[in-house]
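Asker: Dropping a structure here in structure tokens format, bear with me for questions.
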Amino acid sequence: TAAAAALGVTKLRVTGGEPLVRRGIVELCAMLRAVPGIEELCLTTNGTRLEQLAAPLKAAGVDRLNISLDTLRPERYREITRTGKLENVLRGIEAAERAGFENIKLNCVLLGGVNDDEIADFVDLTREHPWQVRFIERMPMGCGKAFGAYLPARTVLERCPELEAISHDGVAACYRFPGAKGTVGLIAPMSHAFCSECSRVRITA
């Protein structure tokens with residue numbers, strides 16, 4: 001991290017797998033945030049342990065959270081995750097807001113035939129919550145049969161035509177309902193190649 005910061009890297013994202021199951025994750029985040037030159041530390045999580053860890057992570061210097069959430073239906077959540085409980089994630093989001101996290105982003109992978117009937121439900125969250133709900137095109141990664149068919153990000157605009165384009169946030173094209181507190185982000189790595197706009201480096205264990 002120090003070497004990267006010396007070369008001009010100012011933002012770090014801790015991701016996984018699921019980083020909150022790592023022993024010593026709070027101490028690791030504090031160590032990373034303390035590196036000279038690092039101006040922003042973000043963390044991507046499935047949210048199931050946030051209820052316990054949101055406040056310690058905020059105190060350790062984590063600036064922003066991305067929470068992966070592919071469905072708002074308890075039974076479907078259990079089917080997708082195999083063992084998870086949606087209520088744990090929702091309590092985690094509440095804990096994150098109490099801890100002072102702002103600009104929370106919810107990452108929803110578009111899964112045709114699985115969660116595409118929930119697009120409007122996810123988008124409606126932005127009316128009353130200052131979150132960015134981000135829809136991400138599924139990429140053909142990993143082994144075995146893919147879970148859900150590919151859907152282009154423009155499907156969201158087709159289902160919710162009242163969304164208005166407002167800006168870009170990194171690789172996400174952003175939209176908003178008139179008067180909404182939050183925004184909708186579309187990330188389209190399959191239908192729109194954005195490699196030339198991306199300067200990220202991924203480091204694995």
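Asker: State the percentage of accessible surface on segment 1-50 attributable to carbon and sulfur atoms; use a 1.4 Å probe and exclude ligands, DNA and RNA.
Answerer: Numbers: 1550 of 2730 Å².
About 57 percent, which is the carbon plus sulfur part of the accessible surface.
Asker: Sorted by mean Cβ packing within 10 Å, highest first, what order do the peptides 99-107, 129-137 take?
Answerer: 129-137, 99-107
Asker: Shifting gears a bit: Give me the accessible area per residue for segment 36-111, probe 1.4 Å, as a whole number in Å².
Answerer: Using a 1.4 Å probe on heavy atoms only, each residue of segment 36-111 averages 46 Å².
Asker: Would you calculate, for the chain, the mean residue ellipticity at 222 nm contributed by helices, counting each DSSP H stretch of 4 or more residues as -39,500 (n - 2.57) and dividing by all residues, to the nearest 500? Don't jump to the answer; show the numbers that get you there.
Answerer: Working: 7 runs with 62 residues, N = 205.
It lands at -8500 deg cm²/dmol.
Asker: Under 8 Å for C-alpha pairs, at least 6 residues apart: give me the relative contact order for the chain, rounded to a whole percent.
Answerer: Values: 359 pairs, mean separation 30.7, N = 205.
The value is 15 percent.
Asker: A further question follows. Can you compute the modelled spin-label distance between residue 13 and residue 165, with each label point 7 Å from Cα toward Cβ, in nm?
Answerer: Calculated label separation equals 2.3 nm.
Asker: Rg/Rh for segment 35-75: what does it come to with C-alpha atoms and Rh from Kirkwood?
Answerer: 1.08
Asker: Tell me the relative contact order for segment 59-159 as a rounded percent, counting alpha carbon contacts under 8 Å between residues six or more apart.
Answerer: About 28 percent, as a whole number.
Asker: Right, next: How many nm is it between the label spots at residue 150 and residue 6, if each spot is 7 Å from the Cα in line with the beta carbon?
Answerer: For residue 150 paired with residue 6, the spin-label model returns 4.2 nm.
Asker: Moving to a separate point now. What ranking, highest mean first, results for peptides 72-81, 44-53 when packing means the other Cβ atoms within 10 Å averaged over each residue?
Answerer: Result, highest mean Cβ count within 10 Å first: 44-53, 72-81.
Asker: If you average 1/r across every pair of different Cα atoms in segment 1-160 and take the reciprocal, what Kirkwood value do you get, in Å? Mind dumping the intermediate values first?
Answerer: Details: mean 1/r = 0.0594 Å⁻¹.
When all Cα pairs of segment 1-160 are included, the Kirkwood radius is 16.8 Å.
The values are calculated or read from the model by the stated rules, or taken from the named source; none is laboratory data. Note that the structure is a prediction, hence the values are computed from the model and not measured. Methodologically, a virtual Cβ is constructed for each residue, glycine included, from the backbone with ideal geometry; neighbour enumeration extends over all protein chains shown. Accessible surface areas use protein heavy atoms only, side chains included; no ligands, DNA or RNA. Shrake-Rupley method; radii C 1.70, N 1.55, O 1.52, S 1.80 Å.
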